[in-house]
Amino acid sequence: MGAERQNVEDFLNSVESAIKKGDFWYIDRKKNRELVLELGLSQTVIREIVKNLEVENFSHISKKQGETDAWIFGILVDDMECYIKLKLRELGGLKHCTCISFHKPKEKLDYPLKGGE
């Protein structure tokens, strides 16, 4: 588990760095918009939530052939579990973070690194 924890830490450090540089894209899809409106969140708040994710929020990595890996996290916002799917892409030598999903999970998320494992 140690290597996995380190990989998640490295990913989150890259996400935070990209956000601080202004390289953060939020995909405004219907599913995302519904939760954002329900919770009254702005894109600025979403960016801060993503920037402040911790290793313990990690759920899993979604791999699809020919695509960049998507990293799945979950976090409670106002007692509601939120499913967050992020991708990091390198363009022109810079890493860009894209928040593809920010909505209610279809099913309960597992958090394999919760509890300091």
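Just so it is clear, none of the values below were taken in a lab; they were calculated from the coordinates. Being a predicted model, the structure only gives us computed values, none of them experimental. Cβ placement follows ideal geometry from the backbone for every residue including glycine, while neighbour counts extend to all protein chains displayed.
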>> With viscosity set to 1.306 mPa s at 10 °C, what whole-number translational diffusion coefficient in µm²/s follows for the chain from Stokes-Einstein and a Kirkwood radius over Cα pairs?
In response: 109 µm²/s
>> Under the rule of at least 5 residues apart or a separate chain, name every residue whose amide H is placed under 5 Å from the amide H of GLU54.
In response: none
>> Test of understanding: ordering HIS60, HIS96 by Cβ neighbours within 10 Å, fewest first, what list do you get?
In response: HIS60, HIS96
> How large is log10 I(q)/I(0) at q = 0.15, 0.24, 0.26, 0.27 Å⁻¹ when the Debye formula is applied to the Cα atoms of the range 1-66, each weighted equally and without solvent?
Replying inline: -0.61, -1.15, -1.18, -1.19
> Which trypsin sites (Lys or Arg not before Pro) does the range 39-106 hold that lie in a coil by DSSP with at most 11 other beta carbons within 10 Å?
Replying inline: LYS63, LYS64, LYS106
> Which one of PHE58, TYR83, PHE24 is farthest out on the positive end of the charge dipole of the chain, using unit charges on Cβ (Lys, Arg +1; Asp, Glu -1) and the Cα centre as origin?
Replying inline: PHE24
> Counting each DSSP H run of 4 or more residues in the chain as -39500 (n - 2.57), what helix-only mean residue ellipticity at 222 nm follows after dividing by all residues, to the nearest 500 deg cm²/dmol?
Replying inline: -10000 deg cm²/dmol
>> Could you give each residue of the range 54-62 its phi-based ³J(HN,Hα) in whole Hz, using Karplus coefficients 6.51, -1.76, 1.60 with θ = phi - 60°, and x for Gly or Pro?
In response: 10, 3, 5, 7, 5, 10, 6, 10, 9
